[in-house]
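This report refers to the structure that appears directly beneath it.
The values are calculated or read from the model by the stated rules, or taken from the named source; none is laboratory data. If you're wondering where the values come from, they're calculated on a predicted model, not measured in any experiment. Using ideal geometry, Cβ is built from the backbone for each residue, glycine included, and neighbour counts are taken over all protein chains shown.
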Amino acid sequence: MGMNVAAKSAGKPGHPIPQSIKKVGIIGAGQMGTGIAHVVALGGHDVVINDLKPEAVEESIRTIEKYMTRQAEKGIISEAQVAPALERIKFAPTFGDFADCDLVIEAATEDEAVKRKIFTELCKHLNPSTMLATNTSSISITRLASTTDRPERFIGMHYMNPVPLMELVELIRGIATDDDTFVATREFVESLGKNVAVSEDFPAFIVNRILLPMINEAVYTLYEGVGTVEAIDKAMKLGAHHPMGPLELADFIGLDTCLSVMQVLYEGLSDSKYRPCPLLVKYVEAGWLGRKTNRGFYDYRGETPVPTR
Ligand SMILES: NC(=O)c1ccc[n+]([C@@H]2O[C@H](COP(=O)([O-])OP(=O)(O)OC[C@H]3O[C@@H](n4cnc5c(N)ncnc54)[C@H](O)[C@@H]3O)[C@@H](O)[C@H]2O)c1
């Protein structure tokens, strides 16, 4: 599906690498930072990647190698693309390593305080011309931009999970984002073989404004005993033709991220219809965050996933 389109077109004629963006910094080597590094390196850019935990970067680079090799085996990319793309990815132990980046994409934990701290610290190290992007799923771009010394060169660049597979990237301008930044980042995203949807800067933008309340409602459906985990997922897969059930999808996204997005919607739009389901809160409090911790609405520790309720 999408991976073929995205990976095959990256760096090909018709998708020229934007001259203005050669070196890209990525902050956060979790599932999203890893996926972004993967497609950006395949797109011909140099990548430097940082995480609070250096071992997360090591794991991230191993994951990229594994998935790129698999893509080559399936003929989605050529064998010859793999080694050069992997060589373009380097670990950045400090924000000082981002100084000469043309673009830095922040993909750290979905927590406004964490992101604000990152941007405040990061800006001290950057060339004045470096553009900044955030992969936030929900937080105000305008508000995050205001924590930087360059709100006009700041944009929301919201990739979908898993990044190598999904065709869409939402671009969100903050109130101050200038036209040059918008045009350069749009060209950059398109050069990776992705399609852009432009969203205004409102909580959770377009995709998550629609998707997360659906997931939250699925958790309420479980909470109120309307259906079991399996019944809810089966109902939406077979009854609405969704490729994944909503609870399976929640585990895939990460329940902490789902909860954060619902909190941003609830607070940002001051509307009770976005109230996070107490059961979602409970799972997050238990540290059952989905696939990344091996347990969420399903337990992934065995051969096949087993519902946890
Ligand atoms: N998971 C999804 O489906 C999805 C989809 C689109 C966007 N996003 C967004 O992408 C971002 C990352 O999500 P994820 O799913 O990759 O989360 P994750 O939990 O897999 O990874 C987050 C990473 O950020 C690191 N981190 C935290 N604080 C940091 C700091 N101060 N400096 C450097 N690294 C730091 C953590 O150590 C972790 O490795 C969030 O803003 C999320 O909303 C997630």
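Quick look at the values:
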| read-out | value |
| --- | --- |
| Selection from segment 264-309 of residues that are of a type in the set (Val, Ile, Thr) and touching a Cys at 6+ places or on another chain (Cβ under 9 Å) | 284 |
| All strands (runs of 3 or more DSSP E) inside segment 97-162 with 3 or more residues being on the phi < 0 side of the Ramachandran plot and in contact (Cβ under 8 Å) with a residue 60 or more places away in the chain | 103-106 |
| Which numbered condition residue 267 misses (of (1) within 16 Å of the ligand (Cβ to nearest atom); (2) not in a helix (DSSP H, G or I)) | (2) |
| Residue among 224, 230, 190 that alone is outside the structural domain of residue 270 (by the TED database) and among the acidic types (Asp, Glu) | 190 |
| Candidates 142, 147, 109 - the one that is within 15 Å of the chain's Cα centre (by Cα), assigned by the TED database to the domain that holds residue 46 and among the β-branched types (Val, Ile, Thr) | 109 |
| Any pair with Cβ under 7 angstrom, 6 or more apart, that starts in segment 44-58 at a residue that is in the same structural domain as residue 102 (by the TED database) and more than 8 Å from the ligand (Cβ to nearest atom) and ends at one that is part of a strand (DSSP E or B) and of a type in the set (Gly, Ala, Ser) | 48/25 |
| Filter result for the condition that a residue is of a type in the set (Lys, Arg) and touching a residue at least 60 places away in the same chain (Cβ under 8 Å), over 234, 273 | 273 |
| Residue within segment 170-184 that is touching a strand residue (DSSP E or B) at 6+ places or on another chain (Cβ under 6 Å) and either modelled with pLDDT under 95 or near the ligand (Cβ under 10 Å from one of its atoms) (or both) present | yes |
| From 204, 184, 218, 235, residue being crowded, with 23+ Cβ neighbours inside 10 Å and in a helix (DSSP H, G or I) | 218 |
